[in-house]
Each structure stands twice: as C-alpha cells, then as structure tokens.
Amino acid sequence: MAKHVVAPVADVPPGAHLRVEAGGVPVAIFNLDGEFFGLLDRCPHMGGNLSEGIVIGLVESQKPGCYAYSRAGEIVRCPWHGWEFDIRTGQSRFDPSRWKARSIEVDVEDAQELQAETIDVAQEGDYIVVHL
Amino acid sequence: MTIETIQKPETAAPAKQALAIADCDIHPSPKSVEKEVFPFLSKHWQEYYNTYGTLLRQPYQNGPAYPKGQPDAARRDAYVPDGGKPGTDLAFMQKQHLDPYNVQLGVLNPLKSGQGLQNPDFAGALCSAVNDWQIAEWTSKDARLKGSVCLPYEDAALSVKEIEKRAGDPNFIQSFMLIRTADPMGNRRYWPIYEAAAEAGLPLAVHAFGFGGASITGSGWPSYYIEDMVGHSQSAQNVVASMVLEGVFERSPKLKLVIVEAGFAWAPSLAWRLDRIWAQNRLELPHVTRPPSEIMREHVWYTTQPFEEPDRRGHLKDTFEWIGWDRLLFATDYPHWDFDDPSRIPLPPADEATRNAFYLQNARDLYGV
C-alpha cells in the first residue's frame, strides 16, 4: 500500500467533495463533518464520476405515503444515472449486497509528520492522504 | 512504502476505449435561440416567437409534463465549463464526447424544434430554421456529425415540403419525428410524409417523447417520471403496430423506420402477439399480406440506449438474435443523464465483426455514409 498526499485539508471543507488522483487512480474525497472518506471516482454501473454528483440524504419509506429522511449529506448520487451510494461504505442504496462503489482509505496527516518522512509539502497544517 | 505528493488531476475523462462507434442519438441545443436560430427565421416568426413563445400541445404548459432524472435531463458533468447548457458547444462536445469515445458518425437529434407546437405554420417555420441551424453550427463544422430533418409532422404537407427541401443534402441522413403523435402513427393523414421520406432515401427516425396532446398512457396521466420513461416503450409499440397494421410499409416499401430511445426488448413479444392476432383476423386486414413479424424484421431498426440490463445476459442474447444484430444501432443519448457508455453496456457475446457492426457499420449501412 502506498501513501499519496493529495490535497490540503482546507481544499475540502465539511460538506464538500473533491476529485483527486492518487497513483493514477481517480478518487472522490468527501468531508463529512471533519471525517474524510474516499470512493473510487467511477460509478460501478457505467463509469460516471461520483465527484460530479450531488450529495443528498437518505430517504426511506416503510410504506407508500410515509417518508423518513435521515443522514443528510451522506449519500452521493451519480451525475449520470442517479445511482445512490453511501459515502461511508460505498454501498449502493438500491442493492447494497450486489452493487458497491469501491471504498478507498483516506486520512489526514500533519505537515510536520509528513515532512519527517521527507515528503515535500507546500505549507503548514494538515493534508489529506490516500492509502492505495 | 511509496509516497506521492499532490498531483493536479486532469478534467474527468471517460473510460478509455478506442473502438470506433456511431452514436445514433446526440442532442444538440442552441446556446441562444435568438442568436443561433433567428437568422434562419423570418422577421414575422421571430416576432411571433418573442410574443407568444413555444407552447406545446400538452397539459402542464409551464414545463415538461414530468420532472427529469437530473436538471435539464443532462449528465451533471456535461455543462460547458463557461456555464453553458449541455449540448450547446461543439468544442466541448468534441472534447468530452466525440474524441474520447471515438465517434466516427454522430447523428444529431434536436429535441426543441417546432415539433409539438400547436400553430402549424409556426411549427413548420421553426423546424426548418432548426434544420438550417444544424448545418450552420454543427454539420458544417464537424464532418462526423450528420443532421436529422426535423418535421412539423402534424401537418403532412409542410413536412413533405421540408423533406423535399433537404433531399440529397449530405448534411442530413434521416427524417425525424417524435413518438407521441396526435393520431396513431399509421394514420393515413401521415402517409404523405412516409412516402416522401422513402422517396428521398431518408430513414424515418422516431424519437421518444412528443406532444400529441393525449395522456401518455391509455389510461390517463401516471404520477411519476419513471412511468414517463417506461411509457416510451409502450408508445413505440403503438407506433410499430399502427404502421404495420395500417399498411404503411405495403404502401411505402422503401421506408425504413428507426425507433430511437424507446427500448427494443419489447419487439419480439409484440411481434408474437401481432402474428397470432393477425392470423386470426385476416378478414379485417387483407392489406397486410405478410406476418407482422416479417414486416418488422424488414423495416424496423432500433437504437439501443437506454440499454436493457437484465440480470441474465442470455436473455438479451436471445433478444438480439430475434431482432437481428444488424437491426440494432448503438447510441449514447449524449449529453443526457441516461447516457450509455459503449464500453460498459452489457452487450451479449458476439464475434468481433458482429460487435463492430453493432457499434458502427450497421449505422453506416442504414444511412449510406
């Protein structure tokens, strides 16, 4: 597994998402209230870039006419065919056991620690790191 | 551990594949009707457009009868970087679609022309202007692109005039109607259109949607967009049944019908039903001298987007074989949200020549380009 420093944390504020490339792999990075998640930026259906999708909440219905809304901002909707994926797990909403966007490990590291590993980072503060 | 520092990603690119394709359903739109289409519209109709607008023959006059899966029915990544609407900029279409997908032949199907307008003369003038606009903004600038002759089809005489005007013009490779007409498409008031199209050698493409004014199902207006979407295959079946049973293809034996964006897997079951009922009712339809399935196989082509995606691919293989691999045409529907990626559709297994024909040669053969 390699470590890829992809962006300063400030580039992806809470609620935002960003397309980056890590070792040639396109990754959509999401910030959910300070927690970072990564999904392969290609929908498993036809390949739309999830980073171009909108982020919505989870709408569920126990029976016709009854709706429950939860988990605002935690579901990404593909910009092409509208398939919905759980940002935390990559699981699709319509068939979670069969269809999944690939989850990619993302975390945040401090510039000083990175510099200690002799990585050339441009500024002070935290960086988003993708593990692939 | 390998470590890599920040890279600036390129703009999102489609999956790599070099297979040459024909895209038989591309939707261009004007950046501005006033700037791009008005030059081809008389002063009279410009003022009419500005005064009365383009109300369609349908209820829900403030917009489409149903919502769309995404805004502007478009892929969210298809907006032009300068903020323009999807499908309005040739350079961006080349960069995002035509070049990376290796589109060798792109068939333009403008959805906003004069089709569906209630004023017949205005419909005719606007269709004709949009046809001129296809040449000015698209086909004259990129030789891969070919236009569709938009017809004001509720008026057969005006439509025939437009077909005759465009016949032999290499900018156009088909004539173009929408699937939801005011009367069933085999109705004899449309026959002059079919005769003229056959005479001009312009296959008749019939695209999903339309503004006939009747409800989109036989039992009224359903509640949801999904029902609008699935309704296109029902409308297409009405088109095929009506044209076959009214004797359109007996009267215009050179007519080629292309069903666009309305599915295709329904064709075998429709043909089985038609054949069965036809055999039992020869007295009613003596002018239909052959089984309907035979007429369909000879006269009907289908674009495949939105592709059928059954769990078992074998089902699709049977469907392809029944319809005929040579009758299916690849299309993406760019820039619309239900875009099909040529490398990602679950195409049934076939030898290379058959696959290549499906992706490109069938369209070249049909259109003669």
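For this structure, a couple of remarks:
- Count of residues meeting criterion [within 11 Å of chain B (Cβ to nearest Cβ) and under 22 Å from residue A:30 (Cβ atoms)] in the range A:110-120: 1
This table checks each residue for (1) away from chain A (no Cβ under 14 Å); (2) small (Gly, Ala, Ser); (3) more than 24 Å from residue B:239 (Cα to Cα); (4) under 23 Å from the mean Cα position of the chain (by Cα).
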residue: B:277; (1), (2), (3), (4): yes, no, no, no
residue: B:287; (1), (2), (3), (4): yes, no, no, no
residue: B:295; (1), (2), (3), (4): yes, no, no, yes
residue: B:305; (1), (2), (3), (4): no, no, no, yes
residue: B:314; (1), (2), (3), (4): yes, yes, yes, no
residue: B:317; (1), (2), (3), (4): yes, no, yes, no
residue: B:341; (1), (2), (3), (4): no, no, yes, yes
residue: B:363; (1), (2), (3), (4): yes, yes, no, yes
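- Qualifying residue in the range A:7-18 (condition: within 12 Å of chain B (Cβ to nearest Cβ) and loosely packed, with under 13 Cβ neighbours inside 10 Å): no
- Residues of the range B:180-198 that are part of a helix (DSSP H, G or I) and hydrophobic (A, V, I, L, M, F, W, C): B:191, B:193, B:196, B:197, B:198.
- Restricting attention to the range A:19-50, the residues being within 12 Å of chain B (Cβ to nearest Cβ) and in contact with a helix residue (DSSP H, G or I) (Cβ under 7 Å, 6 or more places away or on another chain) number 4.
- Checking each residue of the range B:132-153 against the condition of being within 14 Å of chain A (Cβ to nearest Cβ) and of a type in the set (A, V, I, L, M) gives no match.
Here's the yes/no breakdown for (1) free of Cβ contacts under 8 Å to residues at least 24 places away in the same chain; (2) assigned to a loop (DSSP other than H, G, I, E, B); (3) touching a helix residue (DSSP H, G or I) at 6+ places or on another chain (Cβ under 9 Å):
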position	(1), (2), (3)
B:237	no, no, yes
B:271	no, no, yes
B:275	yes, no, yes
B:279	yes, no, no
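- Criterion (over 16 Å from residue B:24 (Cβ atoms), without any contact (Cβ under 8 Å) to a residue 60 or more places away in the chain, touching a Lys or Arg at 6+ places or on another chain (Cβ under 8 Å) and of a type outside the set (Val, Ile, Thr)) met by exactly one of B:290, B:297: B:297
- Looking only at residues of the range B:199-228 that are within 20 Å of residue B:165 (Cβ to Cβ) and part of a strand (DSSP E or B), we find that the one that is farthest from the chain's Cα centre (by Cα) is B:204.
- Selection within the range A:19-41 - in contact (Cβ under 8 Å) with a residue 40 or more places away in the chain, under 24 Å from residue B:346 (Cβ atoms) and buried (at least 23 other Cβ atoms within 10 Å of the Cβ): A:39
- Filtering the range B:167-186 to residues that are over 19 Å from residue B:123 (Cα atoms) and exposed (fewer than 15 other Cβ atoms within 10 Å of the Cβ) leaves B:168, B:170.
Table: residues versus (1) modelled with pLDDT under 95; (2) within 30 Å of residue A:27 (Cα to Cα); (3) within 14 Å of chain A (Cβ to nearest Cβ).
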residue: B:13; (1), (2), (3): yes, yes, yes
residue: B:19; (1), (2), (3): yes, yes, no
residue: B:22; (1), (2), (3): no, no, no
residue: B:28; (1), (2), (3): no, no, no
residue: B:33; (1), (2), (3): no, no, no
residue: B:39; (1), (2), (3): no, no, no
residue: B:52; (1), (2), (3): yes, no, no
residue: B:62; (1), (2), (3): yes, no, no
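- Some residue of the range B:121-132 being farther than 27 Å from residue A:81 by Cα, among the polar types (S, T, N, Q), modelled with pLDDT of 95 or more and in a helix (DSSP H, G or I): yes
- Matching residues, the range A:43-60, being touching a Gly at 6+ places or on another chain (Cβ under 9 Å) and within 11 Å of residue A:71 (Cβ to Cβ): A:55, A:56, A:57
- Qualifying residue in the range B:211-227 (condition: under 30 Å from residue A:82 (Cα atoms) and surrounded by 22 or more Cβ atoms within 10 Å (Cβ to Cβ)): no
The values are calculated or read from the model by the stated rules, or taken from the named source; none is laboratory data. Just so you know, these numbers come straight off a predicted model, no measurement behind them. Quick reminder, even Gly has a Cβ in these numbers, built from the backbone with ideal geometry, and neighbours come from all protein chains shown.
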